[in-house]
Amino acid sequence: MSLPLQGMRILAIEQYGAGPFSTQHLADLGAEVIKIENPHDGGDVGRAVGPHYFGPGDSHFYQAFNRNKKSIRLDLKKDAGREVLHKLVEHADAVFNNLRGDLPAKLGLDYESLKHIRKDIVCVHLSAYGREGERAAWPGYDYLMQAEAGYLSLTGEPDGPPSRFGLSMIDLMTGTTAALGLVSGVLGARATGVGRDIDTSLFDVAMHNLAYLATWYLNGGHVTGRAPRSGHPSLVPSQLYPTKDGWLFIMCNKEKFWPVLAKELGRPEWAQRPEYSSYKARLENRDQFNADIESVTLTDTTANWMKKFAGKVPASPVYDVAQALDNPFVHSREGVVKTARADGSEVLGVAAPIRCAGDPAPLRAAPEMGADTDALLASAGFTAEQIKFLREHAVL
């Protein structure tokens, strides 16, 4: 069995995080992703994002988002560059970009500009604020979206300053959303023979992720704030608890787990106390309830509590990044993979999160800039003389 996206070809005008993260999902599933990089500005800016590097133009950051792809050098601002793009589009299923919202149309990357080449081409646009409206030309980044969409008001301790996620979660979520949009668009195009533009934006994804908190406000006027120790706004217990040597996160998000937790804490009678007997009661008595739980969790280590809770109470130790990656459970699931750079050296990375039957996922390190230029142009019908001409005229 081949990988599910085997045979799909995607031209990607992408850089930094959200866009490359999106197409890496697709490359890991077998799609041929061709990065189109400007030869005059160093290509994908992610290549230069430090502070850690494998070599010039090959940062750890870049490798985290671009495995299993190909790279071609091409200046799309030149007429000859756009002509090359059009030849590549003849054999592509989708053209993807994560440019500022006003740029795709100017560079001829939208459906209106490309439909005469392939009626079924799908043009996917991942931008900060969308391609229409008053912010189409605005630059924008993850942390800005977290701030404006309310995330910072929800993160951290109630008496502390607003806090962002430790990760660029909006970039990652928008990349994943765009990958879904691209596959959906190609599926539709194959069924109808007609392509389309597909848009997603950091801002729209950030707002969409408000989910039930948005529903609570829009329908009931309730504004959710921060709860101590990263607590859930309504479910108790569902938060951090200190142990003798660290922290646990306990989540009894179904009523059936609370009596089990009480038993494992050595306090089975607590499950019968009226003030602790239901979600509503525990929420009304949250402070006293959490103080009681904490008085017990502090008596033992995180590891010992996890031995008691394992498979019975939904709980996790609180790890730093090193502990998370060194976790034996991660390695038992082959959660860290090795890819090879052109010089044979290894790059370690986190395995793709989608696992499916079929050929094993490819494991090629992110490409050097322009590594596949000549081969891809030759396969598109360009002669050696034409490629030389394009290179001499700074198109490649």
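The values are calculated or read from the model by the stated rules, or taken from the named source; none is laboratory data. These numbers were taken from a predicted model, which means no experiment stands behind them. Virtual Cβ from ideal backbone geometry, glycine too; neighbours counted across all protein chains shown. Protein only, heavy atoms only, side chains kept; ligands, DNA and RNA dropped before computing areas. Shrake-Rupley method; radii C 1.70, N 1.55, O 1.52, S 1.80 Å.
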Could you figure out which of (1) closer than 27 Å to G246 by Cβ; (2) in contact (Cβ under 8 Å) with a residue 60 or more places away in the chain isn't true of D171?
(1)
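Scan the range 376-396 residue by residue and report those that are in a helix (DSSP H, G or I) and open to solvent by 70 Å² or more (accessible area, probe 1.4 Å). Let's see the steps before the verdict.
Initial filter on the range 376-396 (in a helix (DSSP H, G or I)): 376-379, 384-392.
Selection gives S379, A384, E385, Q386, K388, F389, R391, E392.
Mind checking which residues of the range 337-352 are of a type in the set (A, V, I, L, M, F, W, C) and either open to solvent by 50 Å² or more (accessible area, probe 1.4 Å) or part of a loop (DSSP other than H, G, I, E, B) (or both)?
Filtering the range 337-352 for residues of a type in the set (A, V, I, L, M, F, W, C) gives 337, 340, 342, 347-348, 350-352.
If the condition is that a residue be of a type in the set (A, V, I, L, M, F, W, C) and either open to solvent by 50 Å² or more (accessible area, probe 1.4 Å) or part of a loop (DSSP other than H, G, I, E, B) (or both), then A340, A342, L348, V350, A351, A352 are the ones that fit.
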Would you mind finding the one in D41, D28 that is among the acidic types (D, E) and in contact with a Leu (Cβ under 9 Å, 6 or more places away or on another chain)?
D28
Can you give me the number of residues within the range 77-120 that are among the small types (G, A, S) and either within 18 Å of R9 (Cβ to Cβ) or touching a residue at least 60 places away in the same chain (Cβ under 8 Å) (or both)?
5
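For the range 104-119, how many residues meet the condition of being open to solvent by 50 Å² or more (accessible area, probe 1.4 Å) and part of a helix (DSSP H, G or I)? Break it down stepwise before answering.
Step one: list which residues in the range 104-119 are open to solvent by 50 Å² or more (accessible area, probe 1.4 Å), which gives 105-106, 112, 115-116, 118-119.
Next cut, part of a helix (DSSP H, G or I) only: 105-106, 112.
Count: 3.
So for the range 353-366 (the condition being without any contact (Cβ under 8 Å) to a residue 12 or more places away in the chain, more than 20 Å from G30 (Cα to Cα) and either assigned to a loop (DSSP other than H, G, I, E, B) or within 28 Å of the chain's Cα centre (by Cα) (or both)), does at least one residue qualify? I'd like the intermediate steps shown before the answer.
Keep residues of the range 353-366 that are without any contact (Cβ under 8 Å) to a residue 12 or more places away in the chain, which gives 353, 355, 360.
Applying the additional criterion that residues be more than 20 Å from G30 (Cα to Cα) yields none.
Scanning the range 353-366 turns up no residue that is without any contact (Cβ under 8 Å) to a residue 12 or more places away in the chain, more than 20 Å from G30 (Cα to Cα) and either assigned to a loop (DSSP other than H, G, I, E, B) or within 28 Å of the chain's Cα centre (by Cα) (or both).
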Go through the range 27-87 and tell me which strands (runs of 3 or more DSSP E), entirely inside it, have 2 or more residues that are open to solvent by 30 Å² or more (accessible area, probe 1.4 Å) and over 29 Å from G358 (Cα atoms).
53-55
Residues of the range 139-179 satisfying the condition of being out of contact with any Ser or Thr (no Cβ under 9 Å at 6 or more places or on another chain) and open to solvent by 80 Å² or more (accessible area, probe 1.4 Å)
P139, L144, E148, D159, P161, L167
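Among the listed residues D359, D372, which satisfies the condition of being surrounded by 11 or more Cβ atoms within 10 Å (Cβ to Cβ) and either on the phi > 0 side of the Ramachandran plot or out of contact with any strand residue (DSSP E or B) (no Cβ under 9 Å at 6 or more places or on another chain) (or both)? So that I can check it myself, show each step before the final result.
Values: D372 fails: either on the phi > 0 side of the Ramachandran plot or out of contact with any strand residue (DSSP E or B) (no Cβ under 9 Å at 6 or more places or on another chain) (or both).
The match here is D359.
Filter the range 192-217 for residues that are open to solvent by 60 Å² or more (accessible area, probe 1.4 Å) and either over 21 Å from L5 (Cβ atoms) or touching a strand residue (DSSP E or B) at 6+ places or on another chain (Cβ under 7 Å) (or both) and give the result. Even if it seems obvious, please write down each step before you answer.
Step one: filter the range 192-217 for residues open to solvent by 60 Å² or more (accessible area, probe 1.4 Å), giving 192, 196, 199, 204, 207-208, 212, 215-217.
Scanning the range 192-217 gives R196, D199, D204, M207, H208, Y212, T215, W216, Y217.
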Somewhere in the range 184-191, is a residue small (G, A, S), in contact with a helix residue (DSSP H, G or I) (Cβ under 9 Å, 6 or more places away or on another chain) and either modelled with pLDDT of 95 or more or surrounded by fewer than 15 Cβ atoms within 10 Å (Cβ to Cβ) (or both)?
no
Take A136 and tell me if it is without any contact (Cβ under 8 Å) to a residue 40 or more places away in the chain, more than 30 Å from A340 (Cα to Cα), open to solvent by less than 40 Å² (accessible area, probe 1.4 Å) and in contact with a Ser or Thr (Cβ under 8 Å, 6 or more places away or on another chain).
yes
